[in-house]
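The block underneath contains the structure these notes are about, expressed in structure tokens.
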Amino acid sequence: MPLLLNIDTATEHASVCLSETETVLAMEQSADQKNHASFIQPAIRKLLWHTGLSLQLIDAVAVTAGPGSYTGLRVGMATAKGLCYALQKPLILINTLEVMAYAVIEEKNKQLATSNFEPQTSNFLFCPMIDARRMEVFTALYNNTLQVITEPVAMVLDEKSFEGILLQKQIIFSGSGYAKFQKIINHPNAFFSTAAQHAGHLAVLAGRSFLQKKFADIAYCEPFYLKEFFTKQQPL
């Protein structure tokens, strides 16, 4: 059973956990987006203290690779790569949007377990959204098995966004960007979830990747920004 260190600093909430297969052994979380860099190293030390384990025992490090906060992605990736180099362990990269979609799927499955009236998750598509300022979001579409329906994209939302797909499928929107879409969309097939991802959700997907030996090239991998960062130049 693989022992994994999982790091998620891609969005406004940061978390790290130690997991064995898909079971979380210990987790630390922070909601202070401005302090992800100062959170991560002490959080890892707390995990080791709580579990009595050492970093040398882990089999791999997993990290949310993006899209997301530019600073958060760099913090998570740099930490993960540094540990992998030092410990000579493999690195696992998981798309942030996929982790977000899995969080909603997991919540929906728990609801189904206690209700005989909810439709099956196979009837839904899952659309995580990361706020990218103004009316733009980073988003993608997945089915209930996390098969990609629409590849990750930076999208400017309007009243007609997802119009064609909503005529055929029910979609659950989630993440930090869904609130602004909720204000401009009125469709019976549009649903909204407040489920938020954390390192425990990452751990499940990372455990599957480990068993399939889906490892990244530590020397050349970079965060998946989806959209290039730029600083607007002031007029002379």
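The values are calculated or read from the model by the stated rules, or taken from the named source; none is laboratory data. Bear in mind the structure is a predicted one, so any value in this text is a computation, not a measurement. Backbone-built Cβ (ideal geometry, glycine too); neighbour counts: all protein chains shown.
Miscellaneous remarks
- Selected residue (criterion: nearest to I184 (Cα to Cα)) from residues of segment 123-169 that are among the basic types (K, R) and loosely packed, with under 15 Cβ neighbours inside 10 Å: K160
- G177 passes every criterion in (1) farther than 30 Å from I40 by Cα; (2) in contact (Cβ under 8 Å) with a residue 40 or more places away in the chain; (3) of a type outside the set (A, V, I, L, M) apart from (1).
- The number of residues in segment 206-225 that are surrounded by 19 or more Cβ atoms within 10 Å (Cβ to Cβ) and either at pLDDT below 95 or not in a helix (DSSP H, G or I) (or both) comes to 3.
- Residue within segment 41-55 that is under 30 Å from E151 (Cβ atoms), out of contact with any Lys or Arg (no Cβ under 9 Å at 6 or more places or on another chain) and in the same structural domain as E20 (by TED's automatic domain parsing) present: no
- Per-region count, segment 109-138, residues modelled with pLDDT under 85, among the small types (G, A, S) and assigned to a loop (DSSP other than H, G, I, E, B): 1
- Of note, L97 does not satisfy the criterion of being modelled with pLDDT of 95 or more and farther than 27 Å from L141 by Cβ.
- Of the set (1) outside any strand (DSSP E or B); (2) without any contact (Cβ under 8 Å) to a residue 60 or more places away in the chain; (3) not aliphatic (A, V, I, L, M), all apply to H201 but (2).
- Hey, I184 touching a helix residue (DSSP H, G or I) at 6+ places or on another chain (Cβ under 9 Å), of a type in the set (V, I, T), touching a residue at least 12 places away in the same chain (Cβ under 8 Å) and in a loop (DSSP other than H, G, I, E, B) or not: no
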